[in-house]
Amino acid sequence: MRFSRDRLMLLLLMLIFGALAVKAFYIQILQADFLESEANKRQFRTLDVAVPRGQILDRHGHLLALSTPIASVWVDPKTLIDYPEAIVQLARTLNISQQGLAQRIHSNPNRRFLYVQRSILPELAEQVERLRLPGVQVKQAFKRYYPTADVTAHILGYTNIDDIGQDGVESIYNDWLAGRAGRQQIIKDLEGRVVQFVNHLEQAEPGKSLTLTIDKDIQFFAHRALKEVMAKHQAKGATAVVLDAKTGEILALVNQPGYNPNNRSQLQGEAIRNRAISTLIEPGSTVKPFVVAKALDLGLIKADEVINTSPGYIRVQGHMISDAVNYGRLSISEVIQKSSNVATANIVRRMSAQQQWQFYSDLGFGQDLGLFLPGEQLGQLRHHREWQVVDQVSSSFGYGFSVNLLQLAQGYLIFANQGQLPPLSLIKRDTPPMMKQVLSAEAVGQTLKMMETVTHQGGTGTEARIEGYRVAGKTGTVLKAGVGGYQEAKYMAMFVGLVPASRPDMIMAIMVDEPSRGVYGGGSVAAPVFQEVMRHALRLRNVDPDGAL
């Protein structure tokens, strides 16, 4: 009997040890990879390592945009829900509602990730980390900061809360500026706290810097002048661009109303719209120098020719084309100086519609600027086959087609480059730009001299004059188009000028939308902005005077 019991006990022990051996084999051999994987899932985590965006600099190396370190606090609700005291401590440290935080945690009991507060100062993030609360983590990040605030807003654009470019340079060069976030493998304890960094899975690559063609000081003076003209004339909006006359580099681009990209509450509505490329305008009399230059180039007129504009109006296909007064006989130079519609209409009818249309196209009207800025409107230039005679005539003094202000300013580059047109640039070039010959050097040279008379006594742009410098330019005043036709008493005032006229260094174009204090002419509203900005810009660029008359 005893023998049987001993054998039975031995058999049971052998079965138990056998079962344990089988279990151990199953766990340690057959299930080893699976269990290790499951353990890693509960302990190993992949952590993204934030990198700063590249700096944006002006042409002289001044900072326009940089990234500053910030942090965000997130929690694991599934873990934190079991630690009510930790919720209280976290809310007190972040100075937020304890009840509100607790409600968010209990409303998401199965979530493993929930932001509590984003974009906080690193000092506050360190306080949270020192608490070592279960289920609470701090994520390091960067926030974009713009030292020049609203002065350069429409060029730079802004980033969203995740630091991704949303407009302007920040958007079109986002991949270049953003860099690449790194990835690290870490080990967390059961309460979700990081206890060890294991290895780097991907090396972090900070964003690369970008140098723009913008001169922040010229930008500032243009910005200030636009704010002043907006207040003085109670205008709906205003925009201005300044170009390097030889290279086509954009030295300044300003719009009003504006916004501060450092203040997220302002990132909405009309304020963020880049009017220099998104507002379409009929350029009005600012295109008359182009018509004269093209006619000279084709040999259709001579520089010393005289045109009879009496009685101060003509009819074209039943439409009245008139001047402000009956100018009588005008030289070609006086046609530009007095801004005669009648004379310009007579000149343009000597060329074919195809010649005129092709010239406007060659200037870039209705064409992509090649800058890829968000919101760009190309304008509308109907094909010459769709024109009637009145369409060709009206287009000679800037009606019946539309451009944006930057396109108009680009066209004026031919007057500074012997008839050649360089492409626009917003990024600093290392090599000279490729030029496109549009007109003969002789034709644009003659026209440029005529454009100087606009700022002389008797011209329409005398308020653009700058002491010591010869200024060439053209005014424009157009009725705004609306639904059903042109709007009564609603104007756009424009001026485009080059300085110094003897050897142009800069071109500036200004448009003021709906000046509403009784003065609305381009010579009275826009030309003074040119004078104010350019006298500072000439000093900043050390441009020698050329002896204004």
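Every number in this text was worked out from the coordinates using simple rules, so none of it is lab data. Because the structure is a prediction, the values reported are computed rather than measured. Neighbour counts run over all protein chains shown; Cβ positions are idealised from the backbone, glycine included.
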Checklist entry - Helix 98-107: angle to the longest alpha-carbon principal axis of the chain, degrees 0 to 90, nearest 10? => result 70
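So what's the stretch 224-331 giving for Cα Rg divided by 2.2 N^0.38 Å, two decimals? If you can, show how the numbers build up before the last one.
Working: Rg = 20.6 Å, N = 108, 2.2 N^0.38 = 13.0 Å.
The reported ratio for this selection is 1.58.
Can I get the semi-axes of the chain's equivalent ellipsoid? Compute them from the C-alpha gyration tensor as square roots of 5 times the eigenvalues, in angstrom, largest first.
On the way: eigenvalues 997, 110, 90 Å².
Square roots of five times the eigenvalues give 71, 23, 21 Å.
Stretch Trp176-Val389 to full length: gain in nm at 0.36 nm per residue minus the Cα-Cα span?
Details: separation 213, 0.36 × 213 = 76.68 nm, distance 4.96 nm.
Contour length minus the Cα-Cα distance gives 71.7 nm.
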Checklist entry - From the backbone phi of the stretch 483-499, what are the Karplus-calculated ³J(HN,Hα) couplings (6.51 cos²θ - 1.76 cosθ + 1.60, θ = phi - 60°) in whole Hz, Gly and Pro given as x? => result 5, x, x, 7, 8, 5, 6, 10, 10, 10, 9, 9, 8, 10, x, 10, 8
Checklist outcome for this item: For Lys78, the lysines lying under 30 Å Cα to Cα, once residues fewer than eight places off in the same chain are dropped, come out as Lys41, Lys139, Lys143, Lys188
Next on the checklist: For the chain, take the longest principal axis of its alpha carbons; what is the angle in degrees between that and the long axis of helix 216-233, to the nearest 10 within 0 to 90?
Outcome noted: 70
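Need the full-extension length gain, Ala204 to Ser310, defined as separation in residues times 0.36 nm minus the C-alpha distance. One decimal, nm. Before the final figure, lay out each step's value.
Values: separation 106, 0.36 × 106 = 38.16 nm, distance 7.41 nm.
Result: 30.7 nm gained on full extension.
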Checklist entry - Out of Ala295, Tyr412, Val496, whose Cα points farthest toward the positive end of the dipole of the stretch 216-540 (charges: +1 Lys, Arg; -1 Asp, Glu; placed on Cβ)? => result Val496
Item to check | Efficiency of FRET between Asn108 and Ile161 - r from beta-carbon atoms, R0 25 angstrom, step 0.05 | outcome: 0.80
Checklist entry - At a Förster distance of 22 Å, what's the computed FRET efficiency of Glu126 paired with Arg264, Cβ-Cβ distance as r, to 0.05? => result 0.35
Checklist entry - So which of Lys227/Lys480; Lys227/Lys428; Lys227/Lys294; Lys338/Lys428; Lys246/Lys490 end up more than 31 Å apart by C-alpha? => result Lys227/Lys294; Lys338/Lys428; Lys246/Lys490
Checklist entry - Which of the aspartates and glutamates could a cross-linker bridge to Lys208, judged by Cα under 20 Å and excluding same-chain residues fewer than eight apart? => result Asp48, Asp58, Asp162, Asp163, Asp167, Glu170, Asp175, Asp430
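So which GluC sites (Glu not before Pro) in the stretch 52-154 are both in a DSSP loop and have at most 11 other Cβ atoms within 10 Å of their Cβ?
Values: sites: Glu85, Glu123, Glu126, Glu129; in loops: none.
Passing both the DSSP loop test and the Cβ count: no residue.
In the stretch 300-405, what trypsin sites (Lys or Arg not before Pro) fall in a loop by DSSP, with at most 13 other Cβ atoms inside 10 Å?
Working: sites: Lys302, Arg315, Arg329, Lys338, Arg349, Arg350, Arg382, Arg385; in loops: Lys302, Arg349, Arg350, Arg382.
Filter output for the stretch 300-405: Lys302, Arg350, Arg382.
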Checklist entry - If one takes the longest principal axis of the Cα atoms in the chain, at what angle in degrees, from 0 to 90 and to the nearest 10, does the Cα axis of helix 32-43 lie? => result 60
Checklist entry - In sequence order, what are the phi-derived ³J(HN,Hα) couplings for the stretch 128-144 according to the Karplus relation 6.51 cos²θ - 1.76 cosθ + 1.60 with θ = phi - 60°, rounded to whole Hz, with x for glycine and proline? => result 5, 5, 5, 5, 6, 7, x, x, 10, 10, 10, 10, 6, 8, 9, 10, 6
Item to check | Integer Hz, Karplus 6.51/-1.76/1.60 couplings in order for the stretch 71-76, x for Gly and Pro | outcome: 8, 10, 10, 10, 10, 9
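Provide the FRET efficiency to the nearest 0.05 for the His62-Lys139 pair, computing r from the beta carbons and using R0 = 22 Å. Show your work: numbers first, answer last.
Values: r = 31 Å, r/R0 = 1.43.
FRET efficiency, His62 to Lys139: 0.10.
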Next on the checklist: Given an 8 Å cut-off on Cα distances and at least 6 residues of separation, report the relative contact order of the chain as a percent.
Outcome noted: 14
Checklist outcome for this item: To the nearest 20 debye, the chain has a Cα-centred charge dipole, built from +1 on Lys and Arg Cβ and -1 on Asp and Glu Cβ, of 1100
Next on the checklist: Let's see if you can work this out: charge +1 on each Lys and Arg Cβ, -1 on each Asp and Glu Cβ, no other charges. What is the dipole magnitude of the stretch 216-540 about its Cα centre, in debye to the nearest 20?
Outcome noted: 240
Next on the checklist: Testing the spin-label approximation: label points 7 Å from Cα along Cα→Cβ at Ser352 and Lys436. State their distance in nm.
Outcome noted: 2.0
Next on the checklist: Modelling each spin label as a point 7 Å along the Cα-to-Cβ direction, I'd like the Glu85/Glu228 distance in nm, to one decimal.
Outcome noted: 6.6
